[in-house]
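Down below is the structure, laid out as structure tokens.
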Amino acid sequence: MKRLFMKVAGGTHTALYRVTRGKVGGTMLKVPILLLITRGRKSGKQRTNPIVYTRDGDNLVIIASKGGAPTNPDWYYNLVANPEVTVELPGGETFKARAREVHGDERDRLFAAQAELMPGFKEYEAKTTRVIPVFVLERV
């Protein structure tokens with residue numbers, strides 16, 4: 001039931017985001033949200049997920065936290081299988097990007113920067129035993 005709710009909520013969020021060019025859904029509690037369009041690793045179908053992000057220079061940073069769940073979100077596996085994505089930002093800007101999972105010091109720095117702005121990420125990290133993946137989205 002929770003999975004169904006999340007799917008419906010995500011679809012509604014995406015529809016409102018697109019219709020309003022991010023005026024509705026482009027932020028949530030002052031946190032910026034992008035739409036990440038990936039290719040399904042099994043189905044090959046396009047998948048769209050609203051995801052919070054931060055910036056690191058010209059790049060965008062997203063974190064596969066899944067709210068501190070013990071498993072990664074589905075979009076994580078799509079990114080690993082096919083890192084070529086499309087990104088939609090509030091205001092209607094859309095571009096192609098390549099996702100790169102970061103590790104070590106770079107991962108820790110970017111995770112800490114996002115957690116500083118969005119303290120929920122510290123809670124997610126405390127809730128799980130997995131190392132929460134961090135991705136950099138680089139324009140292509």
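Some points to look at:
- The ranking of Lys45, Lys66, Lys122 by Cβ neighbour count inside 10 Å, starting from the fewest, reads Lys45, Lys122, Lys66.
- For segment 36-140: rounded, prolate or oblate by the Cα gyration tensor [a/c cutoff 1.5]: oblate
- Neighbours of Tyr77 by Cβ distance under 10 Å: Lys/Arg scored +1, Asp/Glu scored -1, total +1.
- Counting Lys and Arg as +1 and Asp and Glu as -1 over every other residue whose Cβ lies under 13 Å from the Cβ of Val140, the net charge comes to +1.
- Other residues with beta-carbon under 10 Å from the beta-carbon of Thr38 carry, at +1 per Lys or Arg and -1 per Asp or Glu, a net charge of +2.
- At an R0 of 25 angstrom, the distance between the Cβ atoms of Glu93 and Lys45 translates into a FRET efficiency of 0.55.
Coordinate-derived values only; no laboratory data. Only a predicted model underlies this, so the values are computations on that prediction, with no experimental measurement involved. In this analysis, Cβ positions are derived from the backbone assuming ideal geometry, glycine residues included, and neighbour counts consider all displayed protein chains.
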